[in-house]
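In what follows, a structure is listed as structure tokens, so that the remarks can point back to it.
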């Protein structure tokens, strides 16, 4: 079983590529969803977040009121760093459990994909994935796609400013998929990636 870290900036098509890999048989773990789950009632990070940021960020359900927390941390880099130091280890623990569960299942998947928005920007998941796949597209196209999904252009630009650059992602990539065309072209690129991942999983490719 090979574990792949899949990443890309906003509008690049990372999640679309993840869905295509799932259609081909990969087990896909949505790391962003895990980030939400560890802050839900009973979640692994809830007690530590409340201890650090106080009752103002506690939701009525006993979980974390993420909008209230966002107002604190996104205006204060030091507060964001404290939150990351709590939440990322909790996510890593959930990831490790998920991967272990898959490996011990009756029919373990040959390929596990970690769909990770902040792979290049953090140490989240380090040591858990063996390969890095980056999905990229020209910046203006990415902005157009995000705006078409309903985001305000200013919000998209703000997200871009806080994300890794294409160059930074390429430096850690084993494979780069350029998603500058239509879905048919992306499907073809994912087919090629699937062949590469299958070969690497069989021991014919690099490992980290």
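Numbers below:
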read-out	value
Single match in 130, 136 (criterion: at pLDDT 95 or above and in contact with a strand residue (DSSP E or B) (Cβ under 8 Å, 6 or more places away or on another chain))	136
Which numbered condition residue 163 fails, given (1) touching a residue at least 40 places away in the same chain (Cβ under 8 Å); (2) in contact with a helix residue (DSSP H, G or I) (Cβ under 7 Å, 6 or more places away or on another chain)	(2)
Qualifying residues in the stretch 179-208 (those that are assigned to a loop (DSSP other than H, G, I, E, B), touching a strand residue (DSSP E or B) at 6+ places or on another chain (Cβ under 9 Å) and at pLDDT 85 or above) - the one surrounded by the most Cβ atoms within 10 Å (Cβ to Cβ)	179
Search result, residues across the stretch 65-97 that are closer than 19 Å to residue 30 by Cβ and exposed (fewer than 13 other Cβ atoms within 10 Å of the Cβ)	97
Candidate set: the stretch 140-178, residues that are closer than 24 Å to residue 126 by Cβ and in a loop (DSSP other than H, G, I, E, B); chosen: the one modelled with the lowest pLDDT	163
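The values are calculated or read from the model by the stated rules, or taken from the named source; none is laboratory data. What you see is a predicted model, and the numbers here were worked out from it, not measured in a lab. With ideal geometry, Cβ positions are generated from the backbone for all residues, glycine too; neighbour counts draw on all protein chains shown.
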